[in-house]
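The values are calculated or read from the model by the stated rules, or taken from the named source; none is laboratory data. Everything quoted here is computed from the prediction, not taken from an experiment. With ideal geometry, Cβ positions are generated from the backbone for all residues, glycine too; neighbour counts draw on all protein chains shown. With ligands, DNA and RNA removed, areas are computed over all heavy atoms of the protein, side chains included. Shrake-Rupley method; radii C 1.70, N 1.55, O 1.52, S 1.80 Å.
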Amino acid sequence: MTAPEPQDRAETDDARRLQGLSTELTARVPQLLEAMRSVGTGLELHATLDRICETAARLVGARYAALGVVGEAGGALSDFVTFGVDPEVARRIGRRPDGHTGLLGELIRHPEPLRLADLTADPRSAGFPPHHPPMRTFLGVPIRVQGEILGNLYLCEKDDGAEFTDHDQHMVRVLATEAGLAIGNARLYEAARQRERWIDGSVAVTTALLSGAGAEDTEEPTGPDDHGQDNDHDHAEQTNTAVHADYSHHAQHALTVVAEHARRLADSAAGIVMLPTPEGGLEVVAVSSDTSDVSIGTRVPAHSPVVAKLLTGESVHVTDSSTDPRLVSPLSARYGPAMMLPLHSDGRVLGVLVTPRAIGARPFTESERTLATQFASQAALALMMAEAQRDRERLAVFEDRDRIARDLHDLVIQRLYAAGMMLETAQRQSQVPEVRAGVGKAVDELDVTIQEIRTAIFALQQGPAEAPSGLRTRVLREINMAAVPLGFRPTHRFAGAIDSSVGELTGKNLIAALREALSNTFRHARASRIEVTVDANAELPDGTPAVRLSVADDGVGIPEGGRRSGLRNLRRRAESLGGSSEVGPGLAEDGGGTTVIWQAPL
């Protein structure tokens, strides 16, 4: 015959003590039974903890009650709920106790009932933090299930000012037994729900990434900002958050999906995805948060002790980010518990997923860490699969664009050439001046058409990510914008590989020069016709390959003694790049009007 377990002996002792109870305690038994019934209802963990606190306080007439849940690894409190403390007072107190010190730590180390007439006089007391309400009488009772300590009940300050009695202690011990069962059931239910949520989240992330849902929801800006300035380059800097890993706009959406789901599943204050930088550090590329505490582009330096671990595929778990000496990023001061999980698949670390909670929030449990690690691995695999799928789609687009470009070059341009030659022959044979002039104009139009088709071929040869914000598109945008105040649309012509050969700095200055030239024409020229030409096949006088912008009009020309500030701006802008800017005759039949020629090295 085996000896009874300590818990069984304690419960047997309680049962014996309840036999032959005093009239006072017997009268309170219905209250105890009702309290036990109340504790056992419901399965949601935090609601159960709150209900146990309130029930225990009302059972013994205590003003304050608290319940500290011991973490899965033991030795510290993973959760701490209170009853009777005003929410504003709790906010001012701040950080919750961790159970390492004071009477709370004493009950964890020695899980036996503890009753004190004045807790402030006990040498084991660690005192109260600022703003904590005064407390004197104290009753602490451990919560056990099958010999395992799940937590402790703490009661303070009886309503009548008296000390806690033996009867109070007995009733709370019986209630604690029922509370242990309720907490155990709630934990099992919470764990099952938690696993279900993380599994559903992993499926949702995989589905979103592979289907590409929402990837195209964010549109590129199609016009200037409020100040009339071109914002393509600035927008590209904001949205190209994955440059270090050569990710596309689709990948930016994918990383945001991972951050949003991770934040929701981990019940954290933010979901953050970071990618490695060329310097060996990490950079924030996607954020899901209700606040602006974290901004895209924030970097964690390479010398941070956690970076090396993360980039080798090792997870880092932090109890309090604001005080952990390993965290040197300014982000850490704003958060408490945090999980830092590498997004690695097939031996490759794609990035890092960070899910921090607010300062003072409960730490992540072992089961949460395990589930989050599995989610990160699944998300990394989904990211790789999504990127591979997008690579296949891009390859198909490239092949289709290449076929179209070949057809345009081999079929359409050749036929236009043939048509042009036939027209030139007809022009030479015609004796009627009007017919010769009309045919000549048609030949000129065919030449312009051939140049336009060549420009389209060059555009087709650019990557899909380059085309929307290419120089050609930006030039067309400026022309379309100028058409509104002018009352007509300037004609345009492109020559050469505009998008691929012109550098970003030169392109940005060319757009500014075009804007200045069109603005001057509108304000001063009184023109009825404007022609814009961008030639990427030009050369500077020393033979350097260059891009040349020409803006010609049939207006009144530049008057003698007129202001030259706009032209000086154009010249300074070109010369700063090693180019030049000059003016010449315009489009009018007598050479009237103005042609602004601006050129700079590619």
Residue separation between Arg428 and Val412 times 0.36 nm, minus their alpha-carbon distance, gives in nm 3.3 nm
Around Asp200, what is the net charge, scoring Lys/Arg as +1 and Asp/Glu as -1 over all other residues with Cβ under 13 Å from its Cβ?
-> +3
Using θ = phi - 60° and Karplus 6.51 cos²θ - 1.76 cosθ + 1.60, couplings along the range 93-98 (whole Hz; Gly, Pro as x) = 5, x, 4, 6, x, 9
Karplus-derived 3J(HN,Hα) from phi for the range 329-336 (6.51 cos²θ - 1.76 cosθ + 1.60, θ = phi - 60°), whole Hz, x at Gly and Pro, runs 7, x, 5, 5, 5, 9, 9, x
Roughly how many Å is it from the Cα centre of the range 563-602 to that of the range 302-333, as a whole number?
-> 55 Å
Between Leu395 and Glu589, what length comes free when the chain is fully extended (0.36 nm per residue of separation minus the Cα-Cα distance, one decimal in nm)?
-> 64.8 nm
Any residue on another chain or 5+ positions along whose placed amide H is under 5 Å from the amide H of Tyr335 is listed here as Ser322
State, to one decimal in nm, how far the label point of Phe128 lies from the label point of Arg568, with both points 7 Å from Cα in the Cβ direction.
-> 7.5 nm
Sticking with the crude label model, points 7 Å out along Cα→Cβ, report the distance from Ser377 to Glu279 in nm, one decimal please.
-> 3.4 nm
How much FRET efficiency would the formula 1/(1 + (r/R0)^6) give for Arg299 and Ala121, where r is the Cβ-Cβ distance and R0 is 45 Å, rounded to 0.05?
-> 0.30
Heavy-atom accessible area of the range 137-197 with neighbours in place, 1.4 angstrom probe: carbon+sulfur share in percent works out to 46 percent
Evaluate the charge dipole of the range 47-162 about its Cα centre and quote only its size in Debye, nearest 20, assuming +1 on the Cβ of each Lys and Arg and -1 on the Cβ of each Asp and Glu.
-> 100 debye
For a label point 7 angstrom out from the Cα of Glu445 toward its Cβ, which stretches of the range 400-430 have the backbone nitrogen within less than 20 Å?
-> 412-430
Size of the dipole of the range 280-404 about the Cα centre, Lys and Arg at +1 and Asp and Glu at -1 on the beta carbon, nothing else charged, in debye to 20?
-> 160 debye
Between Ala380, Val352, Ile413, whose Cα lies farthest towards the positive end of the dipole of the range 341-413 when Lys and Arg beta carbons carry +1 and Asp and Glu beta carbons carry -1, centred on the Cα centre?
-> Val352
Using 1/(1 + (r/R0)^6) with R0 = 25 angstrom and r between the beta carbons of His46 and Ala204, what's the FRET efficiency to the nearest 0.05?
-> 0.55
Whole number in Å², please: accessible area per residue of the range 482-602, 1.4 Å probe, ligands, DNA and RNA not counted.
-> 50 Å²
What is the gain in length, in nm to one decimal, between Ala419 and Met481 on full extension, counting 0.36 nm per residue of separation less the C-alpha to C-alpha distance?
-> 18.9 nm
Whole-number accessible area per residue in Å² for the range 390-439, which is evaluated in the context of all protein chains at 1.4 Å = 77 Å²
Carbon/sulfur accessible area of the range 319-461, % of total, 1.4 Å probe, equals 58 percent
Sequence order, the range 266-277: Karplus ³J(HN,Hα) from phi using 6.51 cos²θ - 1.76 cosθ + 1.60, θ = phi - 60°, Hz rounded, Gly and Pro as x, gives 7, 6, 10, 6, 7, x, 10, 10, 10, 10, x, 9
Which residues qualify? For Leu282, with a placed amide H closer than 5 Å and at least 5 residues away or on another chain, they are Thr277, Val300
Express the carbon and sulfur contribution to the solvent-accessible surface of the range 487-602 as a percent, rounded to the nearest whole number, probe 1.4 angstrom.
-> 47 percent
Where the range 244-336 is the region considered: accessible area per residue in Å², 1.4 Å probe | 42 Å²
With a sphere of radius 15 Å drawn around the Cβ of Arg357, what net charge do the other residues whose Cβ falls strictly inside it have (Lys, Arg +1; Asp, Glu -1)?
-> -1
